[in-house]
Structures are given as C-alpha cells and as structure tokens.
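Peer 1: Quick one: this structure, given as structure tokens, is what I'll be asking you about.
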C-alpha cells in the first residue's frame, strides 16, 4: 500500500509536515523540538539541574544538557534565552529554564520547567536554613561557605567562557562584549546595558542581505 502523500493541492492548507519538509526556519525547528522533548524528560532534567546546579552555574548545567548533550536547542537559541533572562526580574537561571521549557513545549513546558527547577532548591534551602539556625556558629561552617563562594565565581566564569566561545563570532561582537564588561564592572545599570548592546548590535551587526539571483 502506498504511503499517503503529504503534498497539498493548490487549494488546500498545508499541514505541519509540509512546513517542516519545505522550510528550515522556526516552524520546522519548533516541530523537531516538540517531538524530541517530552514532559517527563523536561521535568526530570530540571529536577536534576535544580539539585546539582549552584547559582549562575545552573545556566552552565542547562547549557550542557539542553545544547551539548540533548541538542534540543542550538547554542545561538540558548544564548538568546540567556540574554532575554538578563532583562527580566528574578534569577537568570530560573528565567532561562522557563525560556527553554516554552521553546520546547509551550506554556505547559514552561510551567513544568519552573516547578521542577524550584522544588529541589526549596527543599534544600529549607533544610540548610534549619541546620544554619542550629549550627551557624561552627567555624568549619563559615569556612565551607567561603569555599562555596569561590566555587560560584569559578562556575560563572566557566559559563561566560563557554557561551562567549560559541556566540562571539566576530571581532565586532568581541569588542562589544568587552565594552559591556567594562561598563558592568563600573556598575552600569544592567537593564540599560543589555538594551544598549542590543541596539548597537541592531545597528552594527545586522547580517548582510543575500544577493538575489538574476
């Protein structure tokens, strides 16, 4: 028996299979992602990230899992989400996780990612708070927190390096990144800084239009 054809007649509306075969743009990518990532996979991943990630290091864990290991999003798509998360209130890692869930499974995916990511942190923080109230004056505990602070700095630098290595593809982008770093060190407003970089990118880094074949 011949397989049913997905080709639409001129008067018919094409379905998602035609769009996916005919294009390589957002429609095709969205359907590929939709068919790859299930709700249990998203929930399990965010539980893992919420349990093993720390601070900005969670963004690095997300990048490794979503981009490198599972190929659910491209590095460019993930970097766009991190940039968007910087514009929003709240922890960057949480906003990035919501972005990933929405890109892969819509609003339901965003909700699953949010709840699964926050649940381990809530339970662990509750336990640590109770322990700190009882044992907060122990000198070894103060030393442990100082060690954790050093690890967080290292994780942030690692995330910045990985994202920068794959996202900064031109000298102009690298120069803009260095200028933004200098402004951030000088305590510039982060929202204004991100918006200014976006505006500069729109003016200076637009892709050149492709020549139309005659």
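No value in this document is a laboratory result; all are computed from the given coordinates. If you're wondering where the values come from, they're calculated on a predicted model, not measured in any experiment. As a convention, Cβ positions derive from the backbone with ideal geometry for all residues, glycine included, and neighbour counts pool all protein chains shown.
Peer 1: Which value does Rg/Rh take for region 32-167 over its C-alpha atoms, Rh per Kirkwood?
Peer 2: Checking Rg against Rh, the ratio lands at 1.02.
Peer 1: Then there's this: Roughly speaking, what is the centre-to-centre gap between region 187-201 and region 61-80 when only Cα atoms are used, to the nearest Å?
Peer 2: With region 187-201 and region 61-80 each reduced to a Cα centre, they are spaced 24 Å.
Peer 1: Counting other C-beta atoms within 10 Å, which of 113, 197 has the fewest, and how do the rest follow?
Peer 2: 197, 113
Peer 1: For a quick check: sort 107, 72 by the number of other beta carbons within 10 angstrom, fewest at the front.
Peer 2: Fewest-to-most ranking of 107, 72: 107, 72.
Peer 1: Order of 56, 125, 46 from fewest to most other C-beta atoms within 10 Å? Don't skip to the answer; put the middle values down first.
Peer 2: Numbers: 56 18, 125 11, 46 28.
Result, fewest neighbours first: 125, 56, 46.
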